[in-house]
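The values are calculated or read from the model by the stated rules, or taken from the named source; none is laboratory data. Fair warning: this is a prediction, and the values are worked out from it, not measured in the lab. Here Cβ is always computed from backbone atoms with ideal geometry, including for glycine, and neighbour counts include all displayed protein chains. Only protein heavy atoms, including side chains, enter the accessible area calculation; ligands, DNA and RNA are left aside. Shrake-Rupley method; radii C 1.70, N 1.55, O 1.52, S 1.80 Å.
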Amino acid sequence: MYDTPRPATGIRTILLLVGGLVVGMVLLVSSLLGGDGGGGGTSSEPECRTEFFDSGSISTCDGDLLYTDDDGNDFSSGG
């Protein structure tokens with residue numbers, strides 16, 4: 001039975017380190033370029049923020065204010 005020769009430990013270690021660095025750099029660059037999956041540009045979707053309270057919620061979207069309570073009453077104010 002013939003065993004195939006393995007590369008020397010030093011070469012294998014260097015190859016593993018280089019491969020790990022390449023994968024790490026790809027992950028770093030992809031996370032810096034855009035975790036939104038888009039990759040730049042402008043979005044036409046409004047920026048919205050909602051805060052919840054014991055009795056209801058307040059939402060703001062591009063300057064518009066919307067208040068809703070647990071009883072279904074709401075109030076809207078345009079910006």
Which residues, taken from region 40-73, are at positive phi and either surrounded by 10 or more Cβ atoms within 10 Å (Cβ to Cβ) or at pLDDT 75 or above (or both)? G56, D62, G63
Pairs with Cβ under 9 Å, 6+ apart, first in region 57-68 and under 12 Å from E47 (Cα atoms) and in a loop (DSSP other than H, G, I, E, B), second modelled with pLDDT of 75 or more and open to solvent by 60 Å² or more (accessible area, probe 1.4 Å): D62/E47; D62/C48
